[in-house]
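One structure is given here, and the rest of the page talks about it.
The values are calculated or read from the model by the stated rules, or taken from the named source; none is laboratory data. This one's a predicted model, so the numbers in the text were calculated from it and none came from an experiment. Reconstructed Cβ throughout: ideal geometry from the backbone, glycine too, with neighbour counts over all protein chains shown. Just the protein is used for accessible areas: all its heavy atoms, side chains included, with ligands, DNA and RNA removed. Shrake-Rupley method; radii C 1.70, N 1.55, O 1.52, S 1.80 Å.
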Amino acid sequence: SIDAGLFGPAPRVIVATLFGLLLIGLSELGSKLPRIGHVFSEDARIRQSLAGAGVAVLYATLYMASELYGLIGLQAAFLLVILVTILAFVLSLRHGQPTAVMGIIGGFVAPWIAGMSADNMPALLAYLGVFIAAVFGLSIWQRWIWLLLLATGGGALWTFALVISAGS
């Protein structure tokens with residue numbers, strides 16, 4: 001159906017978004033399902049996996065919508081990626097560390113997904129500063145010291161990448 005043009009870019013993005021939201025919904029409400037809900041309650045990894053997969057799908061959908069299909073512009077993609085990152089951090093408060101990892105990976109990849117580069121230096125640096133501060137806040141709140149290290153490492157990688165791109 002995709003090759004025949006029956007399932008174009010906009011419907012693909014809509015279905016992918018709904019799938020990501022469905023996964024997150026299952027992570028939150030799966031324990032209420034008849035017959036299988038007890039599985040969600042007994043093993044926290046199921047909810048963590050669903051929440052992490054949902055966040056990953058939403059990030060990938062935004063990349064697909066902005067970079068591959070050009071359905072949304074830079075500002076809209078950037079704003080939506082920030083919202084997905086906030087959602088990931090809120091979910092990490094409920095589901096724990098694996099969801100926080102998805103949020104930090106997505107948050108550091110967000111500027112690249114949105115197409116930001118050294119050309120947008122003020123906005124890029126402002127985003128990275130606010131994002132790293134949010135990660136520090138989350139890590140202090142949850143007492144996840146390892147998250148501080150990831151935030152510092154991600155900031156160092158972005159700094160290195162910007163220095164390299166500015167020199168070329």
Notebook entry, point to check: In the range 65-77, what residues are of a type in the set (A, V, I, L, M), in a helix (DSSP H, G or I) and open to solvent by 40 Å² or more (accessible area, probe 1.4 Å)?
Noted result: Leu68, Leu74, Ala76
Item checked: Test result for Trp146, open to solvent by 70 Å² or more (accessible area, probe 1.4 Å), at pLDDT 85 or above, hydrophobic (A, V, I, L, M, F, W, C) and in a helix (DSSP H, G or I) -> yes
Notebook entry, point to check: Out of all the residues in the range 78-97, which are open to solvent by 60 Å² or more (accessible area, probe 1.4 Å) and without any contact (Cβ under 8 Å) to a residue 60 or more places away in the chain?
Noted result: Leu79, Leu80, Leu83, Ile86, Val90, Leu93, Gln97
Check: Taking the range 149-168, which residues are of a type in the set (Ser, Thr, Tyr) and either more than 20 Å from the chain's Cα centre (by Cα) or open to solvent by less than 20 Å² (accessible area, probe 1.4 Å) (or both)?
Finding: Thr159, Ser165, Ser168
Note to self: If I go through the range 1-28 residue by residue, how many of them are modelled with pLDDT under 85 and surrounded by fewer than 12 Cβ atoms within 10 Å (Cβ to Cβ)?
What the structure shows: 6
Note to self: One residue is enough: does the range 104-111 have a residue meeting the conditions among the aliphatic types (A, V, I, L, M), under 14 Å from Phe78 (Cα atoms), within 15 Å of the chain's Cα centre (by Cα) and open to solvent by less than 40 Å² (accessible area, probe 1.4 Å)?
What the structure shows: yes
